[in-house]
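Read the structure below first, then the notes.
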Amino acid sequence: MLLQCVFGKTANAMIDRFDYDPKGNVVGEVSNHQKLVALTFDDGPHPVYTPQILDVLKQYHAKATFFLIGKCMLVYPYLVKCEVVEEYEMGNHTFSHISLTG
């Protein structure tokens, strides 16, 4: 799957569920009556775990959100590209994972 992500896009549509505010606020919600779970993965991309996670998500046709660390993105850009090609949601998890609480 990793080679497929790097070299060719697969069919994988993302649910259109975001309302973008030009001021920088992003609000996401899903309106339905089904039982849903949100899968999120932090602190990546990781050279061992990210490909495994992507393979399982693809196997089950599941969606997820990845919260990426900037330094890791620079070291493993091919994994970021794979997440982009597969149209997963991504969020910022800081550049270097510094503590923002103290």
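The values are calculated or read from the model by the stated rules, or taken from the named source; none is laboratory data. The shown structure was predicted, so the numbers you read here are calculated from the model rather than taken from an experiment. Using ideal geometry, Cβ is built from the backbone for each residue, glycine included, and neighbour counts are taken over all protein chains shown.
Miscellaneous remarks
- Residues of region 44-56 satisfying the condition of being free of Cβ contacts under 8 Å to residues at least 40 places away in the same chain, among the aliphatic types (A, V, I, L, M) and under 11 Å from Cys82 (Cβ atoms): Ile53
- Residue in region 30-38 that is under 12 Å from the mean Cα position of the chain (by Cα) and at pLDDT 85 or above present: yes
- Residue match in region 88-102 (condition: modelled with pLDDT under 95 and aromatic (Phe, Trp, Tyr)): yes
- Within region 39-54, tally of residues that are of a type in the set (S, T, N, Q) and in contact with a helix residue (DSSP H, G or I) (Cβ under 8 Å, 6 or more places away or on another chain): 1
- Failed item in (1) within 20 Å of Pro77 (Cβ to Cβ); (2) of a type in the set (A, V, I, L, M); (3) at pLDDT 65 or above, with Leu2 passing the rest: (3)
- Close Cβ contacts (under 8 Å, 6 or more residues apart or on different chains) running from residues in region 87-102 that are of a type in the set (Asp, Glu) to residues that are surrounded by 14 or more Cβ atoms within 10 Å (Cβ to Cβ) and in a strand (DSSP E or B) comprise Glu89/Thr65; Glu89/Phe66.
- For region 65-102, a tally of residues being among the aromatic types (Phe, Trp, Tyr), under 14 Å from the mean Cα position of the chain (by Cα) and surrounded by fewer than 17 Cβ atoms within 10 Å (Cβ to Cβ) returns 2.
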